[in-house]
Amino acid sequence: MIVLPEKVKYIIETLEENGYEAYAVGGCVRDCILGRTPMDWDITTSALPEQVKKVFHRTIDTGIEHGTVTVMLQKEGFEVTTYRVDGDYEDGRHPKEVTFTASLIEDLKRRDFTINAMAYNERVGLVDEFDGRGDIERKLIKCVGNAKERFSEDALRMMRAVRFAAQLGFEIDEDTKNAIKNMADGLRRVSAERIQVELTKLLVSDHPEELRTLYETGLTKVMLPEFDLLMETEQNTPHHCYNVGEHTIHAVCKIRAEKILRLSMLLHDISKPECRTTDCDGRDHFKGHPAKGAKKAEEILRRLKYDNDTIKKVTRYVKYHDDKPNADKISVRRTISRIGEEYYPDIFEVFLADRLAQSEYKRKEKLKYVEEYKKIYEEIMRENDCLKISDLALNGNDLMGLGIQKGPKIGETLKKLLDYVLENPKKNTREELVDYMNTFLGE
Ligand code: CTP
């Protein structure tokens, strides 16, 4: 059932030959039992870091203060960690002295979930003191021992529980879930960077609807309180059948499992609560929510320490998620030019996901419109139409050569030329543009 890669076997056997115990441990054992290919292989050993370093030729002190040494075999690195009895205080501010132990079971006891607390080597077989295999069969995320203790060792584990549920399609054990509900506030101690990693993993998983569990347990209240507001915002309009939060969850589920797209759906309606107005017929409107939402999305993504590229793209999708040009070439060209060619064709996935998470009202028409819009876009791309200033047949230097003064006038003129060409793509030649310029420059 578990087949150790040759190099892992070599490391374990070498440690054993030197009188130590060693096992593959944690995620790799879990993944093997699940029939998944492990991302990496962690090894746990009774040898102290200095002893590990003596046994192998090439090692790197990656996390020596936590007892971790990376053993290099050819170009591949394997983390070998000494048995430990304490969890890290992983808030980054309180590095704690680690205490080593001679007992594998003591090491497994301090791990987060039963499915992550199994060890394996060929000599002993599977060490599964906490019935991790049973919990895999029962599809359960369950803390090792006392859930409260596990979560006070590292509050991020509460998000990890929900993330594993989302990745594996498992339930969270009742005791474990109750402990999260009681301790959710402790997530405040955890760094934004670590929270971000878990949120992203959850979003790109097979079950991003587990966002609902983040909300129900009180975790979003800490890391994404804006989402709680969505869950509390009804939308009384025929276009919708859910509150904004539920619509958001459905929209996230409807889009491809890719970080930018999933984050865009998570945040696309983030400003609906503050934009909500109710007309005299009792119908809700959310005027201006995409532009406001883009600003709020940026604020949230910065707070969660996402990188600039992610922030730029997601805010763009949020800002334009509801742009609906008329289904004609001029309008579509103008829209592509304004949004940016590089956001196409993915933006169609955003449109579709949003619409598929709405009510059935006018569903057919909405989907037909997206198809038409997309067709026109494809035609424009095939024809290689000019969509940006750098595609124009004239550039700033040309304009100066034609006697326009250096300065803002150049930019203004180029913009006018682009507007002209977006309406008349065939006019993107030097001659035609010069002719056109003569119609307004003399003004
Ligand atoms: N672990 C833990 N508590 C944490 C983080 C990790 O107990 N807060 C333990 C678990 O036994 C886990 C192992 O360390 O299996 C390795 O952690 P990590 O590499 O973060 O996770 P994996 O379980 O390997 O899963 P993934 O690679 O999907 O993150």
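Brief remarks on what is shown
- Potential lengthening between ARG303 and THR62 on full extension [0.36 nm per residue; Cα-Cα distance subtracted]: 84.0 nm
- Computed FRET value (nearest 0.05) for LYS221 with LEU48, which takes r as the C-beta separation and R₀ as 41 Å: 0.45
- Looking at the range 257-345, the GluC sites (Glu not before Pro) that sit in a DSSP loop and have at most 16 other Cβ atoms within 10 Å of their own Cβ are GLU258.
- Dimensions in Å of the chain - Rg and Dmax from alpha carbons: 28.4, 92
- At 1.002 mPa s and 20 °C, Stokes D of the range 116-267 from Kirkwood alpha-carbon radius, µm² per second: 130 µm²/s
- If the chain linking SER103 and TYR436 were pulled fully straight, counting 0.36 nm for each residue of separation and taking away their Cα-Cα distance, it would gain 111.6 nm.
- For peptides 200-212, 48-60, sequence by mean Cβ density within 10 Å, most packed first: 200-212, 48-60
- Estimated purely from DSSP H runs of n ≥ 4, each contributing -39500 (n - 2.57), the mean residue ellipticity at 222 nm for the chain is -15000 deg cm²/dmol once divided by its residues.
- Span from the the range 393-431 Cα centroid across to the the range 353-389 one, whole angstrom: 30 Å
- Efficiency of FRET between GLU6 and ARG36 - r from beta-carbon atoms, R0 25 angstrom, step 0.05: 0.80
- Cβ-placed point charges (K, R +1; D, E -1), dipole of the range 1-108 about Cα centre in debye, nearest 20: 300 debye
- In summary, the range 205-355 shows an alpha-carbon radius of gyration equal to 1.03 times the 2.2 N^0.38 Å reference for compact globular proteins.
- Cleavage-rule hits (chymotrypsin sites (Phe, Trp or Tyr not before Pro)) in the range 356-443: DSSP loop, at most 16 neighbouring Cβ within 10 angstrom: TYR361
- Between the range 217-280 and the range 112-147, the C-alpha centres lie 36 angstrom from each other.
- Spacing of the two label points (7 Å from each Cα toward its C-beta) at SER331 and LYS75, in nm: 5.3 nm
- Options VAL25, GLN358, LEU203, ranked by Cα towards positive dipole end of the chain, top entry (Cβ charges): GLN358
- Here the accessible area of the range 170-217 is 40 percent carbon and sulfur, with a 1.4 angstrom probe and all protein chains present.
- List SER390, SER46, ordered by accessible area with a 1.4 Å probe, largest first: SER390, SER46
- Within the chain: Cβ-based charge dipole about Cα centre, in debye rounded to nearest 20 (Lys, Arg +1; Asp, Glu -1): 1160 debye
- Helical segments meeting 27 Å axial Cα length and Kyte-Doolittle 1.0 threshold in the chain (DSSP H): none
The values are calculated or read from the model by the stated rules, or taken from the named source; none is laboratory data. Just so we're clear, the structure is a prediction, and the values are computed from it rather than from any experiment. All Cβ positions, even for glycine, are placed from backbone atoms using ideal geometry, and neighbour counts span all protein chains on display. Note: accessible area is taken over every heavy atom of the protein model, side chains too, but ligands, DNA and RNA are not part of it. Shrake-Rupley method; radii C 1.70, N 1.55, O 1.52, S 1.80 Å.
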